[in-house]
1. Is there a residue in the range 281-290 that is in a strand (DSSP E or B), modelled with pLDDT of 95 or more and away from the ligand (no atom under 11 Å from the Cβ)?
2. Looking at 45, 37, which one is exposed (fewer than 11 other Cβ atoms within 10 Å of the Cβ) and part of a helix (DSSP H, G or I)?
3. So is residue 57 at pLDDT 90 or above, of a type in the set (Asp, Glu), open to solvent by less than 80 Å² (accessible area, probe 1.4 Å) and at negative phi or not?
4. Please find, within the range 307-321, the residue that is nearest to residue 262 (Cα to Cα) out of those that are open to solvent by 10 Å² or more (accessible area, probe 1.4 Å) and either within 13 Å of the ligand (Cβ to nearest atom) or β-branched (Val, Ile, Thr) (or both).
5. Could you grab me the full set of residues in the range 236-254 that are in contact with a His (Cβ under 7 Å, 6 or more places away or on another chain), in a loop (DSSP other than H, G, I, E, B) and either among the charged types (D, E, K, R) or under 19 Å from residue 167 (Cβ atoms) (or both)?
6. Say we look at the range 295-306 and pick out the residues that are touching a residue at least 60 places away in the same chain (Cβ under 8 Å) and not in a strand (DSSP E or B); which of these is farthest from the ligand (Cβ to nearest atom)?
7. Select from the range 257-276 the residues that are touching a helix residue (DSSP H, G or I) at 6+ places or on another chain (Cβ under 7 Å) and buried (at least 21 other Cβ atoms within 10 Å of the Cβ) and list them in ascending order.
8. Scan the range 19-47 and report the pairs whose first residue is closer than 16 Å to residue 9 by Cβ and whose second residue is aromatic (Phe, Trp, Tyr) and open to solvent by less than 40 Å² (accessible area, probe 1.4 Å), with Cβ atoms within less than 6 Å and a gap of 6+ or a chain change.
Amino acid sequence: MNASEIIKLKQTGIQAIAAAGGEQELEAVRVAYLGRKGHLPSIMKGLKDEDPAERGEIGREANAFKNDLMNAINARRTELESGGTEADALDHSLPGQWHSCGTLHPVNLMIEEITQIFRRLGFTVADGPDIETEYHNFDALNTPSDHPSRDIQDTFWLDSGALLRTQTSPVQIRVMESQPPPVRIIAPGRCYRRDTTDATHSANFHQVEGLYVDQGVSLADLKGDLTYLAHELMGPDVRLRFRPHFFPFTEPSVEYDFSCHMCGGDGCRTCKNSGWIEISGAGMVDPRVFEKVGYDPDVVTGYAFGMGVERMAMIKYGVQDIRHLYENDVRFLQQFK
Ligand code: PHE
């Protein structure tokens, strides 16, 4: 038998193996091909009569004949034992393996959302250090050491005279020191104050600072942009209101409130019946601040605002206690996707 005849016979054998419907049939095929009186011994026996030049190749094909058929028989036997083909043995309706997937922390989610909204108004994100100099955190913000408004922020001082920043406002100074106007930045980050922890206070919290400086920036721009924020964040019916206030580094200064998104301003538990929810402080950049960073207050004006991220998250997501945000209870955290 020459090499191509052996290959043909092998293929016939493989088909017979695949068609074998049971163990007995399979055994019959095995005997017919590989058994003592089967095809393989007769191929081997005939080998010595073949042309010596072709014997090598025929020998190789005879080996392949044996190995391939044996493998096919073993595979078919496994299939028959497991009651079907290998693919049939897989139950596709079984649940897969799930990897648990993390979620964004509500504080990060809030920062992300506020950042995206201001990006659409052309703001870029700026950053500053958590460990600040007294100059950037206070003096440059028109808050000298004898200023009474330092008291509530008298805070975590380091031996070097540096401190953990009490607000994100020093980023205003750092940005203006590093570039000429115009400036349009927001600066999210961590802040630290010597506060006793309760349902609404934490010694470690987050703010987002905003600063817009150019020629002709006015309080109307501030009101317009914060109104846009209110609409994007809380819904199109939410209104904004300014109340007079004082900050050393803005003049005039305001506190701003959103109308209550729960009751629409009629008064409810969320807004303590006032119809308004206090958000944070803002105002027009004080000319003295511009002088500190070398901007000419006769040429440029600007607005600045701050907002507490935890506070915004608690308002938006209806979180009753700020401590939920820091306890790392997965049952709480995994609700935010
Ligand atoms: N930094 C102020 C605070 O922490 C908020 C603020 C920011 C006020 C910018 C005015 C302008 O209370």
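1. no
2. Just one listed residue meets the conditions, 45.
3. So residue 57 fails the test.
4. Result: 315.
5. Within the range 236-254, 248 is the sole residue that qualifies.
6. Only one residue fits best here, namely 299.
7. 258
8. 39/33
The values are calculated or read from the model by the stated rules, or taken from the named source; none is laboratory data. Keep in mind that this is a model prediction, so the values were computed, not measured. Every residue, glycine as well, gets a Cβ built from its backbone with ideal geometry; the counts of neighbours run over all protein chains shown. Only protein heavy atoms, including side chains, enter the accessible area calculation; ligands, DNA and RNA are left aside. Shrake-Rupley method; radii C 1.70, N 1.55, O 1.52, S 1.80 Å.
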